[in-house]
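Presented below is the structure to which this report refers.
The values are calculated or read from the model by the stated rules, or taken from the named source; none is laboratory data. These figures come from a predicted structure and were not determined experimentally. Cβ placement follows ideal geometry from the backbone for every residue including glycine, while neighbour counts extend to all protein chains displayed. With ligands, DNA and RNA removed, areas are computed over all heavy atoms of the protein, side chains included. Shrake-Rupley method; radii C 1.70, N 1.55, O 1.52, S 1.80 Å.
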Amino acid sequence: MKRIYIFDTTLRDGEQVPGCQLSTVEKIEIAQSLEHLGVDVIEAGFPVSSPVDFNSIREISKSVSNPVICALTRAVPGDIEIAADSLKFAKYKRIHTGIGVSEQHIRTKLRSTHDEIVQRAVEAVKLSRRFVDEVQFYAEDAGRADDDFLCRIIEAVIDAGARIVNIPDTTGYCLPVHFGAKISQLVNRVPNIDKAIISVHCHNDLGLATANSIYGVLAGATQVECTINGVGERAGNAALEEVVMTLKSHSELGYETGIVTKCITPTSRLVSAMLNMSVQNNKAIVGRNAFAHSSGIHQDGVLKSRDNYEIIDPKDIGLTDNSIVLTARSGRAALRSKLQKLGFTLRGQEVDMVYERFLELADKNKYFTDDDVLALISDIDIIRESRRIHLESLEVISGTVTPRASITLIVDGVEVSTKSNGVGPIDAAFSAVRQLLNVDYVPQDFVIQPMTRGSEDLGRVHITLDNGERLIHGFAFHKDIVYASVEAYIDALNRIQF
Ligand code: KIV
Ligand code: ZN
């Protein structure tokens, strides 16, 4: 079997999703989970971009020991020096530097010439090699680049000391057959290619990221760059779970990865909760319906033999039985152990706070499923913050009467109450909140998503406010969607200074 290296960029490319920025603590938790998952490389951030990224790379370097820790840079000396500094404590370290190589990028983004681009690339690699042995070069927008120029620059950076050459389909434009041919060209035409690992980095704008990554592997790439749940800017990156399970399911191709596939589901859930990004129900491998059989014919077939309709054993990806385990009588230890099984480790007081919330929900629920537990945990960043404004009570009237809301908030420790009308119960409640806080922030975006199965479904609400400088995101979940909406609104308002 040929070993394919998995380069995870959830914490760098994946985190570039609007409204999904992570704190250092959250990044460390995800990095540790990626280590358990068995990824070979963790791209931990773009250190020059922000102090949070710089600090996160430092702290991840201290708390993770097996995977290589990688920091992204542009082909700019200052970026490279800062990246080297951020990696100071990493046991295994890598600098990932690069530059745009398509005609589009060279002319309109970099306003440069081919010769200058090659020179900058070579200098960036040489400078990076002064700090670390493992230098990875990315040829940005390689998917749309001229093949002759791509071969030329790849040969030059390998000569300059790049050990890994990353060929990104930055815009997600390529067809699998063309992307595979691009990698074959490098294998066949670049004379020193045997001195480097070829990496593929595919975006999903046409829904082809996994297919392109696999075609890259078939053509000779031995590293695949991907993210958990395929998260990332625009339509995202190649999904780690799809790439890994495709290679595993097609063992006849002769490839293997170091991924502990049983950790896929817990890691997927952790990332989804931390980024506040639900996984689409029919998402391959990790969607909640990925192993659900609802039609009579399929159910009958699966009962006779799972293999009739399933190509993957759900247990292989760590999907535990989603049947009832916890009830209102379960104690803290059971909750903590369930959370651990699902990939979450809570600290000190957090257990008590989550347990309190669990009892509230378990009271209304006969059964408490894995999804309910996950919904609980999605509240965790709210728990971690000290909030100025708390929702004390909410009552709404709607139906054939004018919708009306009575609301009580605790603001800076003081209890305040009011009533308001609106076009619907949510509008009435929001209007009451605005009156109490004397603010006029109106949601720019408002999304309600179901989180669990059945008519007692939990609703997760995502609200976006504009404070004039940037977009502020608020999240909450509850069985009552009016209550969840008000909590999400308050969550967003708590993130604004007024
Ligand atoms: O998509 C891309 O080209 C990238 C590079 C910075 C590696 O993310
Ligand atoms: Zn990318």
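Have a look at the DSSP beta bridges in the stretch 2-275 and tell me what percent are antiparallel, nearest 5.
Given both bridge residues lie in the stretch 2-275, the antiparallel proportion sits at roughly 5 percent.
For the stretch 1-60, what does the accessible surface come to per residue with a 1.4 Å probe? Please give it in Å².
Using a 1.4 Å probe on heavy atoms only, each residue of the stretch 1-60 averages 33 Å².
How much of the accessible area of the chain, probe 1.4 Å, is carbon plus sulfur, in whole percent?
With neighbouring chains kept in place, the figure for the chain is 49 percent.
Beyond 21 Å between alpha-carbons counts as too far, so tell me which of 88/262; 93/126; 88/126 fall in that bin.
Flagged as over cut-off: 88/262.
Report, in whole Å, the centroid distance computed from the Cα atoms of the stretch 69-97 and the stretch 187-216.
23 Å
Evaluate the relative contact order of the stretch 2-275 (contact order divided by residue number), counting alpha-carbon pairs under 8 angstrom at least 6 apart; express in whole percent.
Dividing the mean separation by the residue count of the stretch 2-275 yields 21 percent.
Which entries in 62/315; 91/338; 2/195 show an alpha-carbon gap greater than 29 Å?
62/315; 91/338
Helix-only estimate, please: 222 nm mean residue ellipticity of the chain, summing -39500 (n - 2.57) across DSSP H runs of length 4 or more and dividing by its residues, to the nearest 500.
After summing the helix terms and dividing by residue count, I get -12000 deg cm²/dmol.
Using only Cα atoms and rounding to the nearest 10 degrees, what angle (0 to 90) does helix 24-37 make with the longest principal axis of the chain?
With rounding to tens, the tilt is 60 degrees.
On a 0 to 90° scale, report how tilted helix 264-275 is relative to the longest principal axis of the chain, with both axes built from alpha carbons and the result rounded to the nearest 10.
70 degrees
Given an 8 Å cut-off on Cα distances and at least 6 residues of separation, report the relative contact order of the chain as a percent.
The value is 10 percent.
For the chain, find the longest principal axis of its Cα atoms and tell me its angle to the long axis of helix 51-63, 0 to 90°, nearest 10.
80 degrees
If you take every DSSP beta bridge whose two residues both sit in the chain, what share of them, in percent to the nearest 5, is antiparallel?
45 percent
Could you sort 465-472, 141-148 so that the peptide with the highest average Cβ count within 10 Å comes first and the rest follow in order?
141-148, 465-472
What figure, in Å² to the nearest 10, do you get for the accessible area of residue 355 with a 1.4 Å probe and non-protein molecules left out?
Ignoring ligands and nucleic acids, residue 355 comes out at about 30 Å².
Send over the Kirkwood Rh of the chain, from the inverse of the averaged 1/r over different Cα pairs, rounded to one decimal Å.
24.5 Å
What list of ³J(HN,Hα) couplings, whole Hz, do you get for the stretch 210-216 from phi and the Karplus terms 6.51, -1.76, 1.60, once you set θ to phi - 60° and write x for glycine and proline?
Using θ = phi - 60°, the values come out as 5, 4, 4, 4, 5, 5, x Hz.
Which net charge results for the neighbourhood of residue 169, defined as the other residues with beta-carbon distances under 14 angstrom from its beta-carbon, given Lys and Arg at +1 and Asp and Glu at -1?
-4
Using the heavy atoms of the protein chains and a 1.4 angstrom probe, tell me the accessible area per residue for the stretch 387-494 in square angstrom.
48 Å²
Got a sec to turn the phi values of the stretch 280-291 into Karplus ³J(HN,Hα) couplings, 6.51 cos²θ - 1.76 cosθ + 1.60 with θ = phi - 60°, whole Hz, x for Gly and Pro?
4, 3, 9, 5, 4, 6, 10, x, 5, 9, 4, 10
Please state the relative contact order of the stretch 387-494 as a whole percent: Cα pairs under 8 Å, 6+ residues apart?
Answer for the stretch 387-494 is 19 percent.
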